[in-house]
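*Asks:* What follows is a structure written as structure tokens; I'll ask about it next.
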Amino acid sequence: MSQDFMQSVWKQAPELAGHLCYLAFAGSRSYGTSTAGSDIDLRGIAFAPVEAVFGLQTYEQTILADPDLVVYALNKYIRLAVKGNPNIVEMLYVEPKNIVYATEAGEELRAHRELFLSKRLYHSYGGYAIRNLRKLASEKEAYDAKNAHHLIRLLQMGRELLETEELLVSRPNAQELVAIKQGKWPAADLLAYAEKLFAQMTIAHESSRLPEAVDAEAVQQLAIRLNQAFYSKTRQ
């Protein structure tokens, strides 16, 4: 992104100036499935304003409409990541080319991203899958293609994560996913494929070497270290 773009962000959200530590493309651009009509989504992380940490104000996130941007307070981001929110965890796993802005703190957070990987993500990815598998089965031929392509992507990513302990956001089968998003797959084939992927993900969960849950103490220490480093400089 250009300097002018970042200046626009600072102007619209002055609370982010000097506090933003990470900003990246999300959605279809990060997955490699964007088309001419795709929106541009940006997701980021920022340190809360001093007034919200040491004073009486509150701050959890910043949302802008143009650009389509959501920036989470660092502590809120970490809490959501610990809970296994797929969209949240994926932010730290985008390709380097899709990182728009990163400070030293943002780079450190990304360097410790494996802390947020655990078997709990099976339930995050799988929960979405179960709900949408049922919906897909009920829709028959008139299925929602956009939701269907998200279903397949999440099933693939969940299975890969449990098998390899890696979260691959940029999809190697992007063209396949685009074809699904464009409604080119017969509903019966799509449903059969989704059911197969879900079964594979379930088997992978049983044999995965990922920890059962996130190491809460390690994450706590990361949060303390990042916050102490930032606010000690801010208060000087």
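The values are calculated or read from the model by the stated rules, or taken from the named source; none is laboratory data. Everything quoted here is computed from the prediction, not taken from an experiment. Methodologically, a virtual Cβ is constructed for each residue, glycine included, from the backbone with ideal geometry; neighbour enumeration extends over all protein chains shown.
*Asks:* So how many residues does the stretch 217-236 have that are small (Gly, Ala, Ser) and modelled with pLDDT under 95? Give the steps one after another, and end with the answer.
*Replies:* Restricting attention to the stretch 217-236, the residues satisfying the condition of being small (Gly, Ala, Ser) are 218, 223, 229, 232.
If we keep only those that are modelled with pLDDT under 95 as well, we get 232.
Total meeting the criteria: 1.
*Asks:* Does LYS196 satisfy being more than 19 Å from the chain's Cα centre (by Cα) and either among the polar types (S, T, N, Q) or over 18 Å from LEU133 (Cβ atoms) (or both)? If you could, list the steps in order and put the result at the bottom.
*Replies:* Working: more than 19 Å from the chain's Cα centre (by Cα): yes; either among the polar types (S, T, N, Q) or over 18 Å from LEU133 (Cβ atoms) (or both): no.
For LYS196, the condition - more than 19 Å from the chain's Cα centre (by Cα) and either among the polar types (S, T, N, Q) or over 18 Å from LEU133 (Cβ atoms) (or both) - is not met.
*Asks:* Right, something else. Any idea which residue in the stretch 9-33 is nearest to ALA179 (Cα to Cα), counting only those that are in contact with a strand residue (DSSP E or B) (Cβ under 9 Å, 6 or more places away or on another chain) and among the polar types (S, T, N, Q)? Can you show your working first?
*Replies:* Here is the first cut: in the stretch 9-33, the residues in contact with a strand residue (DSSP E or B) (Cβ under 9 Å, 6 or more places away or on another chain) are 9-10, 12-13, 15-16, 19-30.
Those left that are additionally among the polar types (S, T, N, Q): 12, 28, 30.
Values: GLN12: 37, SER28: 13, SER30: 17 Å.
Among those residues, the one meeting the criterion is SER28.
*Asks:* Which residues, taken from the stretch 1-42, are among the hydroxyl-bearing types (Ser, Thr, Tyr) and crowded, with 16+ Cβ neighbours inside 10 Å?
*Replies:* Filtering the stretch 1-42 for residues among the hydroxyl-bearing types (Ser, Thr, Tyr) gives 2, 8, 22, 28, 30-31, 33-35, 38.
Selection gives TYR22, SER28, SER30, TYR31, THR33, SER34.
*Asks:* How do the pairs read when you match residues in the stretch 66-90 that are under 12 Å from ASP41 (Cβ atoms) with residues anywhere that are basic (Lys, Arg) and at pLDDT 95 or above, using Cβ under 7 Å and keeping only pairs 6 or more apart or on different chains?
*Replies:* That search, which allows pairs on different chains as well, returns VAL70/ARG43.
*Asks:* Kindly indicate which of LEU161, LEU197, LEU222 is surrounded by 13 or more Cβ atoms within 10 Å (Cβ to Cβ), out of contact with any Lys or Arg (no Cβ under 9 Å at 6 or more places or on another chain) and not assigned by TED's automatic domain parsing to the domain that holds ILE99.
*Replies:* On the way: LEU197 fails: out of contact with any Lys or Arg (no Cβ under 9 Å at 6 or more places or on another chain); LEU222 fails: not assigned by TED's automatic domain parsing to the domain that holds ILE99.
The unique qualifying residue is LEU161.
*Asks:* Right, something else. Restricting attention to the stretch 43-60, and to residues there that are of a type outside the set (Gly, Ala, Ser) and surrounded by 23 or more Cβ atoms within 10 Å (Cβ to Cβ), which single residue is nearest to ALA229 (Cα to Cα)? If you could, list the steps in order and put the result at the bottom.
*Replies:* Initially, the stretch 43-60 is screened for residues of a type outside the set (Gly, Ala, Ser), giving 43, 45, 47, 49-51, 53-54, 56-60.
If we keep only those that are surrounded by 23 or more Cβ atoms within 10 Å (Cβ to Cβ) too, we end up with 43, 45, 47.
Working: ARG43: 23, ILE45: 16, PHE47: 11 Å.
Filtering the stretch 43-60 for residues that are of a type outside the set (Gly, Ala, Ser) and surrounded by 23 or more Cβ atoms within 10 Å (Cβ to Cβ), the one nearest to ALA229 (Cα to Cα) comes out as PHE47.
*Asks:* A further question follows. Mind checking whether some residue in the stretch 78-93 is touching a Ser or Thr at 6+ places or on another chain (Cβ under 8 Å) and at pLDDT 95 or above?
*Replies:* Yes, some residue in the stretch 78-93 is touching a Ser or Thr at 6+ places or on another chain (Cβ under 8 Å) and at pLDDT 95 or above.
*Asks:* Can I ask one more? Listed residues GLN200, GLN228, GLN156; which is under 26 Å from ASN98 (Cα atoms) and either free of Cβ contacts under 8 Å to residues at least 12 places away in the same chain or assigned to a helix (DSSP H, G or I) (or both)?
*Replies:* Numbers: GLN200 fails: under 26 Å from ASN98 (Cα atoms); GLN228 fails: under 26 Å from ASN98 (Cα atoms).
Residue meeting the stated conditions: GLN156.
*Asks:* Test LEU177 against the criterion of being under 24 Å from SER28 (Cα atoms), in a helix (DSSP H, G or I) and modelled with pLDDT under 95, and give yes or no.
*Replies:* On the way: under 24 Å from SER28 (Cα atoms): yes; in a helix (DSSP H, G or I): yes; modelled with pLDDT under 95: no.
No; evaluated as a whole, the condition is false for this residue.
*Asks:* Which of the residues spanning the stretch 138-171 are closer than 12 Å to TYR128 by Cα and under 14 Å from the mean Cα position of the chain (by Cα)?
*Replies:* Filtering the stretch 138-171 down to residues closer than 12 Å to TYR128 by Cα leaves 147-148, 150-155, 158.
HIS150, ARG153, LEU154, GLY158, listed by residue number.
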